[in-house]
């Protein structure tokens, strides 16, 4: 059994303040018999409200909605996984 921690960060930089429209985030790994999600966390700067849904393939999709303008957008996720595959 293998335990993995996957860190992912995306940074956007803009030349001026912009109004951020909703962003669809596909960062959470899909669980299976061989892959178990132990923990998952998303942080964003500026802060955003997250709503979750699943697509037709079973993937978890988060929609981030922002309330303020920004000149930078940072999206960071941490997933801890347990891999039981041979």
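The values are calculated or read from the model by the stated rules, or taken from the named source; none is laboratory data. Just so you know, these numbers come straight off a predicted model, no measurement behind them. Here the Cβ positions follow ideal geometry from the backbone for every residue, glycine too, while neighbour counts run over all protein chains shown.
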Taking region 31-58 and keeping residues under 12 Å from the mean Cα position of the chain (by Cα) and modelled with pLDDT under 95 leaves none
If we keep only residues of region 11-26 that are within 10 Å of residue 75 (Cα to Cα) and surrounded by 13 or more Cβ atoms within 10 Å (Cβ to Cβ), then the residue farthest from the chain's Cα centre (by Cα) is 12
Among strands (runs of 3 or more DSSP E) completely within the chain, the ones holding 3 or more residues that are free of Cβ contacts under 8 Å to residues at least 12 places away in the same chain and touching a strand residue (DSSP E or B) at 6+ places or on another chain (Cβ under 7 Å) are 48-54
